[in-house]
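S.K.: Below is the structure I would like to discuss, written out as structure tokens.
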Amino acid sequence: MILEIGHFAVITALVLAVVGMITPWVGLQTKNGAWVAVGRQAVTLNFFLISIGMLAMVYSYVTHDYSVKYVFSTSNSKLPIFYKVAGLWGGHEGSLLGWAWILSLFCALAVWIHWRTQPAVMPYLISIESTLLTGFLLLILFLSNPFERTLFIPPDGKDLNPLLQDPAMVIHPPMLYLGYVGLSIPYSFAMAALFSGRLSEEWIKVTQRWTLFAWLALTTGILMGGYWAYYELGWGGYWGWDPVENASFMPWLIATAFLHSVMVQETRKMFMVWNLFLIILAFSLSLIGTFLVRSGVLSSVHSFANDPGRGIFILAFLTFMLCLSFGMLIFRSSKLKSKVEMESFLSREAIFLYNNLFFMIAFIIVFIGTLYPLFMEVMKFQKVSVGPPYYNAVFMPVAWGLILLMGIGPYIPWRKSSVASLKGIVTLPFFVAFCSLPLFYLVGIQDIYALLALSITLFTLTAIVRDYSALAKMWAERDGVSLSRGLARAFRQNPRKSAGMLTHLGVLVMTVGIVFSTLFQTEKIQVIKPGETLALNNYQVKLVELYPVTGVNWSGYEGLFEVYDKNKRLVTVLRPQKRLYEVSQTPTTEAAIHQIYTGHIFLTLPEVTPDASSARLRALHNPLVMWVWYGGGIMGLGVLMNIFRGFIFGPSRNKGVTTPAVVVPIPDNAEIVT
Amino acid sequence: MRQRYVLITLILLSLSSMAFSAPLTEDEIQVKVREISKTLRCAVCQSESVWESNAELALQMRAIVRERVIAGESGDEIRAYFISRYGDFIVLKPQVKGINQVIWFGPFILLAVSAFLIYRKIRVWVKQATKVTPSELAPIDDAGRQRIAEALKTYHTGEK
Amino acid sequence: MKTWQVVLPLLIVCLVVVFYHGLYGNPSYIPPVIINTPAPDFAAPELYEGKEMRLSDHKGKVVVLNFWASWCRECALEHSSLLEVNRRYENDPQFVMIGVNYQDKENLAKEYLEKHGNNFKHVRDYAGKVSIDYGIYGVPETFVIDKEGMIRHKSIGPIIGESYTHLIDKVIEPLLRGETLKG
């Protein structure tokens, strides 16, 4: 009964979404704001209706209602309550409902937040978001209905996929959806600009927080996914360039490019059309990602069930949105062109242009790599695979280019700079990076990719340190305080710049983590019996005992391992497991990880003989692997600081516009009105 | 006298050549197997390499890679064997031949071409850019003038 | 019309077309490359007697090589068809059918054969050497090798219905007669 109420609520939501799609246009045509207000009611109501739908599903989970097909396929009575609820987004139908719910939430939020300040945008925002919601609700209600019941009630559920019974995996999808949906708000603003032929100068400021938030959510979602893959899938890696991973990485790349490029528009009022293109592309990639993941078009560890019917609908909807968005861009962009005033190749504007170029190339590499096998298959050529070896060879150099730009761009002033100035910025970092090369080589880092990556990282780090130490010195002298106080003042003085610096620092930390954990990983696979030892670099891993274990809804084996360092001291005791989840009969391996100063010791048991007499052990030493997520954390901190900078640092004196660093001599006869 | 030195040198050389053909240690074998297996795709998994996967087929493929490594085959030879059985699909790195070259060289060519086009565009922009004089540069509004006045005051008097 | 205004729509159209065709493909299907190449020889122990059997023992014959496993449901579906094929030709000295038991256990394999019946010889390939040599990635897969030792046909999936008639009429019969296969 409750479920049917939820179902009915979502059907009503579909009707209201159509209303929300149409009424703003009527309002625009008749120049009657009342119609647009109707749209606002529809949008608000939709959030509550879809929430009712979600709650009804949660109710079904909590009450073990297995007559609901979807609950049956993603839950089980033995499941802990936390995962029972998480089952809601553990499968295709439910996660789509989650997408729709977040969409309705953001739409309602955006409409209510900006109703008074951006009245011109409202009709378009309501209409576009309602169009998106209509598409998703149609898909949900007709082709992927989580509210479907079966006539025969099974005694118990099929269980949530054991790989998903994990905290990181519970957070990962919602975070990604927050990111994808978050991008739809700036996208709607962009579409509003194209439809109406004009755009307020505040567009960037207004949507900035939305974009930052979406970017943060997307980054968190991707990193959570990587972290989960690392300790749950057990092959010691965290990123496989899997097509579905790439599907979330592509919008991320474009969103990052967009975040940078809009700064040019903010300060110099240029590149409007390019920025519109970027945000449309970013959101379109979110939709394309949805298509790729749910249509079965690509083979991937992540794929949901293959279903051409669904795939055709999603493709049709996707095509409609692509044609609408890019069509409007092509036909109406001429109205929004801005005059480009670029005075020098060496200016902040130009650097952002180079930055965007590299991001686009990076995006194209991932795009081509992901779709090439599909392309070859469709053209009936020889079927190929594009895997990590390709991306590592081709993508990395572009990433280095971006990191290099990161160490130059922030220090080049707007409008115009000189080669001498550039020399001043670049010389010290280059010198440090160059000298580090032989040092790295001598220490044992001889792989060319590692050398280049690390030296370029050092280049940018030096640039950041040089800049902030100069600022700290200046403020320390001016205020007559110590250097550290000067640094604090420098940090507070320009919150936006400091937030950006923090984020960039996070990228550097992550890069180092990636280089070391990938190129210097040691791995051994060995069949081992109790009493035997495996040598892993300077460590000895000894299997003491192998015995069966059971859990709430699984049974399996555990190995008790002792890890000794080269001085024969016991470092830790690790207990990796091999589990079999009873209901779904799915095996999983639970890795045992120990953090040592320089990284992780990582043990898994892919295989244990039924009599527990021996096991295959996969032992890894992952140097600095945690730096990947520490770096991510620092990035996130930087962005949070940026989003809440008004709250943390007080009202901004810069009003979001960075003061041009070009020194303008005030002529003697200038009038200054006091 | 000299013959003795030549003889010793020859013996040393022949001994060192034996070092090159000395059997690989277990560690070296594992490293090579890992390196090569990482470039092979597990045919029954969804985008995992033969090294990462625990599927039966992957284990059997690893065993074959191991045998061939011990027999002295190079990575390319081993990959060629699997390609002859499964097709190009089985290697994770698309071979640099035929149309595949598009994805290998395409991005860099695109980068170069785009960089050139951007260079040209910027050159046009730079030429067209209106050279502004300082007074035109940042039209100052009242709030701006106020700020400048205040800043100048502190500059002159040294107050904070 | 600027360049990008033409290129962009074209790219979108191409993308949608590729996606559309991709929906009807099968991402896990691997097109066989081994057809019209010499059949790799193998030496494997026979399932019951344990004696080593080689492919080269049957040089000059048309060989139907079937890869199966006891845990494979689709193999059970096709087993009676295979028995039928063998019954049809077993008196022909130029024909032989051999089964390769893949990723299995001896006792389970024997149980399976007892349950479904058996009239041809099988070899054990538990280390997967023969199977990988033939590019197997799932079961059942069936190869037909001509008298000159070249692989002329590969079937992925159970041989029932249409694939059964195709196998007999368009593959085995012509090869027995010494003809080359069309298409």
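The values are calculated or read from the model by the stated rules, or taken from the named source; none is laboratory data. Small disclaimer: the values here were computed from a predicted structure and weren't measured. As a convention, Cβ positions derive from the backbone with ideal geometry for all residues, glycine included, and neighbour counts pool all protein chains shown. We work out accessible area using only protein heavy atoms, side chains counted, and drop any ligands, DNA or RNA first. Shrake-Rupley method; radii C 1.70, N 1.55, O 1.52, S 1.80 Å.
S.K.: Kindly evaluate A:GLU377 against the criterion of being free of Cβ contacts under 8 Å to residues at least 12 places away in the same chain and surrounded by 21 or more Cβ atoms within 10 Å (Cβ to Cβ). Break it down stepwise before answering.
M.R.: On the way: free of Cβ contacts under 8 Å to residues at least 12 places away in the same chain: yes; surrounded by 21 or more Cβ atoms within 10 Å (Cβ to Cβ): yes.
Answer is yes for this residue.
S.K.: Additional query: Looking at A:LEU519, A:LEU454, which is the one that is open to solvent by 50 Å² or more (accessible area, probe 1.4 Å) and in contact (Cβ under 8 Å) with a residue 12 or more places away in the chain?
M.R.: Matching residue, one of A:LEU519, A:LEU454: A:LEU519.
S.K.: Moving on to the next point. Pick from the range B:56-68 the residues that are under 18 Å from C:TYR102 (Cβ atoms) and open to solvent by 40 Å² or more (accessible area, probe 1.4 Å): which of them is farthest from the other protein chains (Cβ to nearest Cβ)? Show your work before the answer.
M.R.: Within the range B:56-68, the subset under 18 Å from C:TYR102 (Cβ atoms) is B:56-64.
Restricting the remaining residues to those that are open to solvent by 40 Å² or more (accessible area, probe 1.4 Å) gives B:56, B:63.
Values: B:GLU56: 5, B:ALA63: 7 Å.
Looking at residues that are under 18 Å from C:TYR102 (Cβ atoms) and open to solvent by 40 Å² or more (accessible area, probe 1.4 Å), I get B:ALA63.
S.K.: Another question about this same structure. Based on this model, can you work out whether A:VAL426 counts as of a type outside the set (Lys, Arg) and not in a helix (DSSP H, G or I)? Don't jump to the end; show me each part of the working.
M.R.: On the way: of a type outside the set (Lys, Arg): yes; not in a helix (DSSP H, G or I): no.
Judged against the criteria, A:VAL426 is not a match.
S.K.: I would also like to ask the following. With the structure loaded, tell me whether B:ALA71 is more than 20 Å from B:GLU48 (Cα to Cα), open to solvent by 60 Å² or more (accessible area, probe 1.4 Å), in the same structural domain as B:PRO23 (by TED's automatic domain parsing) and at pLDDT below 95 or whether it fails that test. Even if it seems obvious, please write down each step before you answer.
M.R.: Values: more than 20 Å from B:GLU48 (Cα to Cα): yes; open to solvent by 60 Å² or more (accessible area, probe 1.4 Å): yes; in the same structural domain as B:PRO23 (by TED's automatic domain parsing): yes; at pLDDT below 95: yes.
Yes, satisfied.
S.K.: What about A:LEU28, is it farther than 14 Å from A:ALA13 by Cα, over 24 Å from the mean Cα position of the chain (by Cα) and open to solvent by 60 Å² or more (accessible area, probe 1.4 Å)? Before you say what the answer is, go through the steps one by one.
M.R.: On the way: farther than 14 Å from A:ALA13 by Cα: yes; over 24 Å from the mean Cα position of the chain (by Cα): yes; open to solvent by 60 Å² or more (accessible area, probe 1.4 Å): no.
Taking the combined requirement at face value, the residue does not satisfy it.
S.K.: Are any residues in the range A:595-644 aliphatic (A, V, I, L, M), over 19 Å from A:GLU232 (Cα atoms) and at pLDDT 90 or above, and if so, which ones?
M.R.: Here is the first cut: in the range A:595-644, the ones aliphatic (A, V, I, L, M) are A:596, A:601, A:603, A:605, A:608, A:612, A:615, A:617, A:619-620, A:624-626, A:628, A:634-635, A:637, A:639-641, A:643.
From the residues that got through so far, the ones that are over 19 Å from A:GLU232 (Cα atoms) too are A:596, A:612, A:634-635, A:637, A:639-641, A:643.
Listed by number, the residues that qualify are A:ILE634, A:MET635, A:LEU637, A:VAL639, A:LEU640, A:MET641, A:ILE643.
Quick grid of which residues meet (1) free of Cβ contacts under 8 Å to residues at least 60 places away in the same chain; (2) open to solvent by 60 Å² or more (accessible area, probe 1.4 Å):
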{"site": "A:GLY500", "(1), (2)": "no, no"}
{"site": "A:MET510", "(1), (2)": "no, no"}
{"site": "A:LYS542", "(1), (2)": "yes, yes"}
{"site": "A:THR550", "(1), (2)": "yes, yes"}
{"site": "A:LEU570", "(1), (2)": "yes, yes"}
{"site": "A:LYS578", "(1), (2)": "yes, no"}
{"site": "A:VAL583", "(1), (2)": "no, no"}
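S.K.: Looking only at residues in the range B:29-55 that are polar (S, T, N, Q), within 16 Å of A:PRO389 (Cβ to Cβ) and not in a loop (DSSP other than H, G, I, E, B), which one is nearest to the other protein chains (Cβ to nearest Cβ)?
M.R.: Going through the qualifying residues, I end up with B:SER49.
S.K.: From the set of residues in the range C:28-58 that are part of a strand (DSSP E or B) and open to solvent by 30 Å² or more (accessible area, probe 1.4 Å), which is nearest to the other protein chains (Cβ to nearest Cβ)? First the steps, then the outcome.
M.R.: Of all residues in the range C:28-58, those part of a strand (DSSP E or B) come to C:38, C:43-46, C:52-54.
After this cut, where a residue has to be open to solvent by 30 Å² or more (accessible area, probe 1.4 Å) as well, the list is C:38, C:43, C:45, C:52, C:54.
Working: C:PRO38: 11, C:ALA43: 15, C:PRO45: 17, C:GLU52: 19, C:ARG54: 19 Å.
So the residue we want is C:PRO38.
S.K.: Starting from the range B:76-87, keep only residues that are in contact (Cβ under 8 Å) with a residue 40 or more places away in the chain, then list their pairs with residues that are open to solvent by 30 Å² or more (accessible area, probe 1.4 Å) and in a helix (DSSP H, G or I) whose Cβ atoms are within a distance under 7 Å, requiring at least 6 positions of separation or different chains.
M.R.: From residues that are in contact (Cβ under 8 Å) with a residue 40 or more places away in the chain, the pairs are B:ILE78/B:ARG68.
S.K.: Give the range A:286-312 a look and list any residue that's within 11 Å of chain C (Cβ to nearest Cβ) and modelled with pLDDT of 90 or more, or say none.
M.R.: Within the range A:286-312, just A:ILE288 meets the criteria.
S.K.: What pairs come up if the first residue lies in the range A:80-109 and is farther than 14 Å from A:THR290 by Cβ, the second is outside any helix (DSSP H, G or I) and open to solvent by 10 Å² or more (accessible area, probe 1.4 Å), and their beta carbons are under 6 Å apart, counting only those six or more places apart or on different chains?
M.R.: Close Cβ pairs satisfying both conditions: A:TYR83/A:GLN165.
S.K.: Hey, another quick one. So for the range C:120-129 (the condition being open to solvent by 20 Å² or more (accessible area, probe 1.4 Å) and away from chain B (no Cβ under 14 Å)), does at least one residue qualify? Give the derivation first.
M.R.: Start the filter on the range C:120-129 by keeping residues that are open to solvent by 20 Å² or more (accessible area, probe 1.4 Å), which leaves C:121, C:124, C:126-127, C:129.
Pick out the ones that are also away from chain B (no Cβ under 14 Å) and you get C:121.
Yes - at least one qualifying residue is present in the range C:120-129.
S.K.: All but one of (1) at the interface with chain A (Cβ under 10 Å from one of its Cβ atoms); (2) in contact with a Gly (Cβ under 9 Å, 6 or more places away or on another chain); (3) farther than 24 Å from A:GLU232 by Cα hold for B:PHE89; state the number of the condition that does not hold.
M.R.: Failing condition for B:PHE89: (2).
S.K.: Can you find, within the range C:148-166, the residue that is farthest from the other protein chains (Cβ to nearest Cβ) among those that are open to solvent by less than 50 Å² (accessible area, probe 1.4 Å) and in contact with a helix residue (DSSP H, G or I) (Cβ under 7 Å, 6 or more places away or on another chain)?
M.R.: Across the range C:148-166, the extreme among qualifying residues is C:TYR164.
S.K.: I'd like to verify a number: residues in the range B:124-152 that are at the interface with another protein chain (Cβ under 10 Å from one of its Cβ atoms), part of a helix (DSSP H, G or I) and modelled with pLDDT under 70, how many?
M.R.: Total meeting the criteria: 3.
S.K.: For the range A:311-327, which residues satisfy the criterion of being of a type in the set (A, V, I, L, M, F, W, C), open to solvent by less than 50 Å² (accessible area, probe 1.4 Å) and farther than 13 Å from A:LEU281 by Cα?
M.R.: The answer is A:ILE314, A:LEU315, A:PHE317.
S.K.: Out of (1) in contact with a His (Cβ under 9 Å, 6 or more places away or on another chain); (2) of a type in the set (A, V, I, L, M); (3) open to solvent by less than 10 Å² (accessible area, probe 1.4 Å), what's the single condition that is false for C:VAL96?
M.R.: The number of the failed condition is (3).
S.K.: Continuing with the same structure: Could you tell me whether any residue of the range B:97-117 is more than 8 Å from every other protein chain (Cβ to nearest Cβ), in a loop (DSSP other than H, G, I, E, B) and modelled with pLDDT under 90?
M.R.: yes
Here is a yes/no grid of residues against (1) more than 12 Å from chain B (Cβ to nearest Cβ); (2) of a type in the set (S, T, N, Q):
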{"residue": "A:TYR372", "(1), (2)": "no, no"}
{"residue": "A:MET376", "(1), (2)": "no, no"}
{"residue": "A:MET379", "(1), (2)": "no, no"}
{"residue": "A:GLN382", "(1), (2)": "no, yes"}
{"residue": "A:PRO388", "(1), (2)": "no, no"}
{"residue": "A:PRO397", "(1), (2)": "no, no"}
{"residue": "A:TRP400", "(1), (2)": "yes, no"}
{"residue": "A:MET406", "(1), (2)": "yes, no"}
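S.K.: Residues in the range A:261-271: is at least one buried (at least 23 other Cβ atoms within 10 Å of the Cβ), under 17 Å from the mean Cα position of the chain (by Cα) and assigned to a helix (DSSP H, G or I)?
M.R.: Checked against the condition, which is being buried (at least 23 other Cβ atoms within 10 Å of the Cβ), under 17 Å from the mean Cα position of the chain (by Cα) and assigned to a helix (DSSP H, G or I), the range A:261-271 yields no hits at all.
S.K.: Just one of A:PHE352, A:PHE359, A:PHE331 is out of contact with any Cys (no Cβ under 7 Å at 6 or more places or on another chain), within 13 Å of chain C (Cβ to nearest Cβ) and either open to solvent by 10 Å² or more (accessible area, probe 1.4 Å) or among the basic types (Lys, Arg) (or both); which is it? So that I can check it myself, show each step before the final result.
M.R.: On the way: A:PHE352 fails: within 13 Å of chain C (Cβ to nearest Cβ); A:PHE359 fails: within 13 Å of chain C (Cβ to nearest Cβ).
Answer to the selection: A:PHE331.
S.K.: Would you confirm whether or not the range A:226-246 contains a residue that is of a type in the set (S, T, N, Q) and open to solvent by 10 Å² or more (accessible area, probe 1.4 Å)? Working first, answer last.
M.R.: In the first step, residues of the range A:226-246 are kept if they are of a type in the set (S, T, N, Q); the result is A:246.
Checking which are open to solvent by 10 Å² or more (accessible area, probe 1.4 Å) leaves us with none.
No, the range A:226-246 has no match at all.
S.K.: If you don't mind, there's one more thing I want to ask. I need a count of the residues in the range B:81-119 that are open to solvent by 50 Å² or more (accessible area, probe 1.4 Å) and within 22 Å of the chain's Cα centre (by Cα).
M.R.: Counting residues in the range B:81-119 that are open to solvent by 50 Å² or more (accessible area, probe 1.4 Å) and within 22 Å of the chain's Cα centre (by Cα) gives 14.
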